[in-house]
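Enquirer: Next up is a structure, given as structure tokens.
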Amino acid sequence: MMTDVLLYQSTDNGEINIANGIIELTDTQETMAYLCLFGGNEDDSGDQDSNLGWWGNELESDSALKYVSETQYLLRSIPATSSNLLRVEEAAKRDLAVFTDKNIADDVSVSASIPELNAVKLAINIDGVIIEFTENWGATE
């Protein structure tokens, strides 16, 4: 079984948990999903002509493994309204496409909701395992 450092969402972005000097690990796909959604440059819209891509993408030759994090960009550039939830879901599906493109998972689905003012909850189903992130939705009308 493979493990990874567990990243969790806090009010000021991703964090790791250290207890008694030991970093908490996970055996789920949570860290990879988190990095796909929020690991790129938050100013990168994902457009082909953008020169704002995450610097680590310059070292990656496989385009399926490059972080774009369109979800992160949208949450900082469009208003937090129910009418924009579908846009966020579609962006998250594109960000998470690496799971199916690289045969890491057979099925990935995303559901977005607004649990409170200026927040979005993403419920991600990866082969039957539900991973949830609640993120600030920073754009205003």
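Nothing in this text is a laboratory measurement; each read-out follows from the coordinates by a stated rule. Only a predicted model underlies this, so the values are computations on that prediction, with no experimental measurement involved. Note that each Cβ is placed from the backbone with ideal geometry, even for glycine, and that neighbours are counted across all protein chains shown.
Enquirer: Find, among the trypsin sites (Lys or Arg not before Pro) in the stretch 82-141, those assigned to loop by DSSP (not H, G, I, E, B) with at most 14 other beta-carbon atoms within 10 angstrom. The partial results should precede the final answer.
Expert: Working: sites: Arg87, Lys93, Arg94, Lys102, Lys121; in loops: Lys102.
Those that pass, being in a loop and sparsely packed, are Lys102.
Enquirer: Assuming 0.36 nm per residue, please report the length gained on full extension of the stretch Thr134 to Asp106 beyond their Cα-Cα distance.
Expert: Details: separation 28, 0.36 × 28 = 10.08 nm, distance 2.43 nm.
The span from Thr134 to Asp106 would gain 7.6 nm if fully extended.
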